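Chemist: Can you keep this structure in mind? I'll have questions shortly.
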Amino acid sequence: MTAHTLDAIVIGGGAAGVSAALMLGRARRSVLVLDAGEPRNRFASHVHGVLGHDGRPPAELLRLGREEVARYGVEVVSARAVAARALDDRVEVDLADGSTVAGRVAILTTGIVDELPSIEGLAERWGQTVLHCPYCHGWEVRGARLGVIATGPQSVHQAELVRQWSETVTFFSSAAGEALDHSARARLLARGVRIVESPVIALEGAAGGLEVVRTADGEVHPLDAVFTAGLPRLDEALVDGLGLARDDALGSVAVDATGATSASRVWAAGNVVAPYGTIPAAMATGSMAGGAANGALVVEDAERALADPAAFWEARYAGVDRAWSGEPNAAVVDVLADLDPGTALELGCGEGADAIWLAYRGWRVTGLDLSPTAVARATDAARAVGVAESARFLVADLASEWPVEKPVDLVVASFLHSPVALDRVAVISQALEVVAPGGHLFLLSHVAPPTWASAEDRAAFDLPDLETELAALDLDPDDWVRIIAEERPRLAHAPGGEQGHTVDGVLLLRRAG
């Protein structure tokens, strides 16, 4: 069991739960499946109506499913969840052994428990000669003498269904109530269904088989199998602990089309959602819930990236073999070539091309970047061309104190723009403080979107012109002198390779002293 917060906790290791885990595992999510080891269909010898697996023992079906999810890193453990709660940023699940696990999302697939009618001899025949689903087991008893023991109004429909599998059907109707009205009775009789109103008191037969059904009036009814419906019971502790709304008609967990419940970060699937659903239906809702939960995590990942520039830029660099050309920026070369070398600091150094060019010119340079991948590539590039002693690169949060000796003779910031949270003005204001008297600050920025940008993208660009940027910096005119402050159009290439142009802002300031 892991102590950290996983992407997803699946509570329930049956067909719905493993199907949800399969979707999440294939989406590269960290997933833990909690399996209490009591699937609803454990009393049945075979599953039916499952495409490609018809007639397979239910335990074997689950074994194959668990082998599949294991290939994607999903962990399935034997554990019983006894309580759960949905918090703002995670779902916590308490286990019977006293431990607690947590996931960013949870999928509830604990199924239901069938509360069987209190009839002598019924429970021990459950799943053998006492059945519940004609779609699951009707074929195996087709043409036999079948009975349907009513447990509520829905049993009238069950009796009509069972008639499809046999011409010899007896409906024990004492618990059907008003559902067995004149119309329903007429339909059943028209199909040859025999109706017995006396309550069933016992099922009898050797070794789990069924020979007769005994009723309270003393009659015995020779039958080969009976169908009935247990009263479905949810795991109330989990459902109520998570604060999940219920379906008014069935009492099951209420969900939308994706399996999302009334609690944020919680989905539900399988028989907790549809008590009378078959295994393929449970698989389908599990797959849907797993996919929907991953979709919600994707949205949250993007929101987290927007709030965490370090994570965003690391993903940006780590996602490609190389982000930039490896050549220094033309404006850097043009403007800084005539400055006398000294100590330099580059903010947002990326893969190090500008800093390495400065080191070639005799500068002792420290490059800072949020991305460990970018810093590693810059370090390797400096080592490859023999300037590692004069060009070093460090991972640093540009919004915090910088791990460099101050003051420095030159601070360089090229295209210090970020689509995620980064206080550009605050970073540049801090840069002003570390420039030594007589030193320089060089800023290279975008002041206009590229020509290939769409109208929508152009509207989204927030690129300050030079005068706006200077006004935001509020420079002391007695302390800073403008050497260059101009906009420079240049040729550029779109991501698809077509040529266009963009406009850069070039600003070189010298500190008095």
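Chemist: So for the stretch 444-452 (the condition being free of Cβ contacts under 8 Å to residues at least 40 places away in the same chain, open to solvent by 60 Å² or more (accessible area, probe 1.4 Å) and not in a strand (DSSP E or B)), does at least one residue qualify?
Modeler: Scanning the stretch 444-452, I find no residue that is free of Cβ contacts under 8 Å to residues at least 40 places away in the same chain, open to solvent by 60 Å² or more (accessible area, probe 1.4 Å) and not in a strand (DSSP E or B), so the answer is no.
Chemist: Kindly establish whether E60 is at pLDDT 90 or above, surrounded by fewer than 17 Cβ atoms within 10 Å (Cβ to Cβ) and part of a helix (DSSP H, G or I).
Modeler: When the stated conditions are applied, E60 does not pass them.
Chemist: Please go through the stretch 361-384 and pick out each residue that is among the basic types (K, R) and either over 37 Å from the mean Cα position of the chain (by Cα) or at positive phi (or both).
Modeler: Result: R361, R364, R383.
Chemist: Show the residue pairs that are 6+ apart or on different chains and have beta-carbon atoms under 9 Å apart, the first residue being within the stretch 157-182 and modelled with pLDDT of 95 or more and crowded, with 20+ Cβ neighbours inside 10 Å, the second being in a strand (DSSP E or B) and among the small types (G, A, S).
Modeler: V162/G147; V169/G147; T170/G147; F171/G147; F172/G147
Chemist: Which numbered condition in (1) among the aliphatic types (A, V, I, L, M); (2) within 30 Å of P403 (Cα to Cα); (3) at pLDDT below 90; (4) assigned to a loop (DSSP other than H, G, I, E, B) is the only one that A472 fails?
Modeler: Going through (1) among the aliphatic types (A, V, I, L, M); (2) within 30 Å of P403 (Cα to Cα); (3) at pLDDT below 90; (4) assigned to a loop (DSSP other than H, G, I, E, B) one by one, A472 breaks only (4).
Chemist: Which condition breaks for A421 when tested against (1) surrounded by fewer than 21 Cβ atoms within 10 Å (Cβ to Cβ); (2) of a type in the set (G, A, S); (3) under 26 Å from T502 (Cα atoms); (4) at pLDDT 90 or above?
Modeler: (4)
Chemist: Exactly one of these conditions fails for H46: (1) open to solvent by less than 70 Å² (accessible area, probe 1.4 Å); (2) within 19 Å of C133 (Cβ to Cβ); (3) of a type outside the set (G, A, S). Give me its number.
Modeler: Failed condition: (1).
Chemist: Determine the pairs where a residue that is part of a helix (DSSP H, G or I) and at pLDDT 95 or above, located within the stretch 351-362, has a partner that is crowded, with 24+ Cβ neighbours inside 10 Å and charged (D, E, K, R) with Cβ atoms under 9 Å apart, the partner being 6 or more residues away or on another chain.
Modeler: D354/E346; A355/E346; L358/E346
Chemist: Restricting to the stretch 200-259, name every residue that is open to solvent by less than 70 Å² (accessible area, probe 1.4 Å), among the hydrophobic types (A, V, I, L, M, F, W, C) and closer than 18 Å to T109 by Cβ.
Modeler: Of everything in the stretch 200-259, those that are open to solvent by less than 70 Å² (accessible area, probe 1.4 Å), among the hydrophobic types (A, V, I, L, M, F, W, C) and closer than 18 Å to T109 by Cβ turn out to be L234, A237, L238, V239, L242, L244, A245, V253, A254, V255.
Chemist: Oh, and also: List the number of the failed condition for Y72; all other conditions in (1) without any contact (Cβ under 8 Å) to a residue 24 or more places away in the chain; (2) under 18 Å from G17 (Cβ atoms); (3) open to solvent by 50 Å² or more (accessible area, probe 1.4 Å) hold.
Modeler: Answer for Y72: the failing condition is (1).
Chemist: Among the numbered conditions (1) crowded, with 20+ Cβ neighbours inside 10 Å; (2) more than 41 Å from the chain's Cα centre (by Cα), tell me where G103 comes up short.
Modeler: (2)
Chemist: Going through the stretch 90-105 one residue at a time, which ones are closer than 15 Å to L297 by Cα and touching an Asp or Glu at 6+ places or on another chain (Cβ under 9 Å)?
Modeler: Matches in the stretch 90-105: A102, G103, R104, V105.
The values are calculated or read from the model by the stated rules, or taken from the named source; none is laboratory data. None of these values were measured; they are calculated from a predicted model. So basically every Cβ, Gly included, is an ideal-geometry build from the backbone, and we count neighbours across all protein chains shown. Each accessible area value is taken on the protein alone, full model and side chains, heavy atoms only, with ligands, DNA and RNA left out. Shrake-Rupley method; radii C 1.70, N 1.55, O 1.52, S 1.80 Å.
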